[in-house]
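Here the structure is laid out as structure tokens; the discussion comes afterwards.
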Amino acid sequence: IDEMQTRSVKKVHEFLSYLAKNKSWCGIEYSNKSFYYENLDQLISSSERLRDDNIKETIETFNGEFQGVLPKQRRFEFKLSDPEEEIILGRIDASISEPDALNRDCLHQHVEVKLKVLQVGHGKPRYTLCSLKDIQK
């Protein structure tokens, strides 16, 4: 969901709701991955999860250090400066043309970073770095 446009998520929700109303179900393929609903209850549950009021997207500021970046996979690890030193795993947005700049310029340095946080219901939050300008040393 964090890789889809908001408008697209809404359309998928509308489609699944339509199927549920008509007691039908289907399978979905996205980015070479497939999923097939086994029954109507499973489809209804998915439709409810995709409601606008169940998807929370915010921009939050975090303090800590980048522990590592995988530029080709566009992933990062960020250790928070809190007492538990929790590790955030996140994605690097496709708009960042040089993700390896994080390894070169920010690795193991204390920074403040703004991340997009997407949470569906009570699920695990997903973190995305949207711009290198969102990092302050």
Answer with yes or no whether Asp82 is touching a helix residue (DSSP H, G or I) at 6+ places or on another chain (Cβ under 9 Å) and of a type in the set (Asp, Glu). no
Name the single residue that is nearest to Pro71 (Cα to Cα) among those in segment 98-109 being open to solvent by 40 Å² or more (accessible area, probe 1.4 Å) and free of Cβ contacts under 8 Å to residues at least 40 places away in the same chain. Asp100
Looking at Phe76 and the list (1) under 16 Å from Arg126 (Cβ atoms); (2) exposed (fewer than 11 other Cβ atoms within 10 Å of the Cβ); (3) modelled with pLDDT of 90 or more, which single condition is not satisfied? (2)
Would you pick out the residues in segment 85-97 that are out of contact with any helix residue (DSSP H, G or I) (no Cβ under 7 Å at 6 or more places or on another chain) and either surrounded by 15 or more Cβ atoms within 10 Å (Cβ to Cβ) or modelled with pLDDT under 90 (or both)? Glu85, Ile88, Gly90, Arg91, Ile92, Asp93
Give the residue, chosen from Glu65, Glu112, that is more than 16 Å from the chain's Cα centre (by Cα) and buried (at least 17 other Cβ atoms within 10 Å of the Cβ). Glu65
When residues of segment 50-67 are filtered for being at negative phi and either at pLDDT 95 or above or assigned to a strand (DSSP E or B) (or both), how many remain? 12
Failed item, numbered, when Asp52 is tested on (1) over 15 Å from Val120 (Cβ atoms); (2) among the charged types (D, E, K, R); (3) open to solvent by 80 Å² or more (accessible area, probe 1.4 Å): (1)
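The values are calculated or read from the model by the stated rules, or taken from the named source; none is laboratory data. Please read these numbers as outputs of a predicted model, since none were measured by experiment. Glycine also receives a Cβ, built like all others from the backbone with ideal geometry; neighbour counts cover every protein chain displayed. For the accessible areas, the whole protein counts, side chains as well, though only heavy atoms, and no ligand, DNA or RNA atoms are used. Shrake-Rupley method; radii C 1.70, N 1.55, O 1.52, S 1.80 Å.
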